Amino acid sequence: MISQAQVDAYNRDGFIVVPEVLTKTELVEIRAVIAEIVAGAAKVTAHDDVYDLEPGHNSSEPKVRRIKTPHQVHPLFDRLVRSRKVIDICKALIGRELRLHGSKLNMKSAKYGSPVEWHQDWAFYPHTNDDILAIGVLLDDTSLENGPLLCTPGSHKGPVFSHHDDDGYFCGAVDPREISAEIKAALPCIGPAGSMSFHHVRTLHGSAQNVSDRPRNLLLYEVAAADAWPLLRFTDLEEFDSRLLTGHGPTIVPRMADVPARMPLPPPKRQGSIYETQLGAPERAYFGRAAE
């Protein structure tokens, strides 16, 4: 599915975009499932185990900014991450033995889709090694105007930035005043619907509000090497092993790597999705510089 040049670009920059991995038929099926799930949000009035709601959500006009763990909500999303073409790309980038860490569907509806502040995924879930990536499935044509993912080349080889507020609590966002050069260097992950981005777990990234009249839905999967073990919140070996995507069975010997890490502790003052956690950030980002 990808060339050695693309693998080299991922290793150098910490992210790549692979054009049109999904067919138009697959996109139609996925969009139909999403529409059905979003329609179900009319029955809820607050965030729950499935929905993270936009401000202004109501039963007559459901506004969903995230569907949580979609691979557990509908089997289509589980089949997609286990598909041969997705697995082959992940194998080329982080190795043959793979595990699904998690999934989410970020929905940036036209005119009001929420931004995501600058952060590194590694800050949320440090592991024993960093052979971990996030897959971004572009479900809509994505351009600078509808809030694309913005990644800073080479940042996966640099420091793990502080994601804590002024009181020392984890807030899931980097103070933009400390990364002005990195923000200016960021590049957008854009392309036609069906394309996929792949970014390293330590790559600095964020995304602006959708100011266009077009939606920008992004299905995200986090995939790890099977021998990368989480440093926090591990409680159930059977569930952990159920998320193996490839391999011949449980891996109970973690691979330790000399990589920097900061623990996401003390826990955030605002519990919930990244949108809620980042409301505790002391400073908000200005995304215009990255999109110019």
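The values are calculated or read from the model by the stated rules, or taken from the named source; none is laboratory data. Note that this is a predicted model, so its numbers are computed, not measured. So basically every Cβ, Gly included, is an ideal-geometry build from the backbone, and we count neighbours across all protein chains shown.
Scan 86, 64 and give me the residue that is among the β-branched types (Val, Ile, Thr) and at pLDDT below 95.
Residue meeting the stated conditions: 64.
For every residue, the table says whether it meets (1) without any contact (Cβ under 8 Å) to a residue 60 or more places away in the chain; (2) under 17 Å from the mean Cα position of the chain (by Cα).
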residue: 40; (1), (2): yes, no
residue: 50; (1), (2): yes, yes
residue: 68; (1), (2): no, yes
residue: 88; (1), (2): no, no
residue: 102; (1), (2): no, yes
residue: 114; (1), (2): no, yes
residue: 118; (1), (2): no, yes
residue: 123; (1), (2): no, yes
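May I ask you to list the residues in the range 158-196 that are over 13 Å from residue 121 (Cβ atoms) and among the small types (Gly, Ala, Ser)?
Scanning the range 158-196 gives 158, 162, 168, 180, 181, 185, 186, 191, 193, 194, 195.
Report whether or not residue 134 is of a type in the set (A, V, I, L, M, F, W, C), in contact with an Asp or Glu (Cβ under 6 Å, 6 or more places away or on another chain), within 30 Å of residue 249 (Cβ to Cβ) and at pLDDT 95 or above.
yes
Name the residue that is modelled with the lowest pLDDT, counting only residues in the range 197-217 that are aliphatic (A, V, I, L, M) and surrounded by 24 or more Cβ atoms within 10 Å (Cβ to Cβ).
Applying the filter and picking the extreme gives 208.
Run down 233, 255, 214 and say which single residue is charged (D, E, K, R) and within 23 Å of residue 150 (Cα to Cα).
Just a single option satisfies the conditions, and that option is 214.
Mind counting the residues in the range 158-201 that are in contact with a helix residue (DSSP H, G or I) (Cβ under 9 Å, 6 or more places away or on another chain) and either of a type in the set (A, V, I, L, M) or closer than 26 Å to residue 21 by Cβ (or both)?
17
Having 2 or more residues that are free of Cβ contacts under 8 Å to residues at least 60 places away in the same chain is the bar; report the helices (runs of 4 or more DSSP H) wholly within the range 176-292 that clear it.
180-185, 237-242
Say we look at the range 90-100 and pick out the residues that are over 15 Å from the mean Cα position of the chain (by Cα) and over 15 Å from residue 1 (Cα atoms); which of these is surrounded by the fewest Cβ atoms within 10 Å (Cβ to Cβ)?
So, considering only residues that are over 15 Å from the mean Cα position of the chain (by Cα) and over 15 Å from residue 1 (Cα atoms), the one surrounded by the fewest Cβ atoms within 10 Å (Cβ to Cβ) is 97.
How about the range 1-57: which of its residues are more than 21 Å from residue 84 (Cα to Cα) and part of a loop (DSSP other than H, G, I, E, B)?
14, 44, 45, 46, 47, 48, 49, 50, 54, 55, 56, 57
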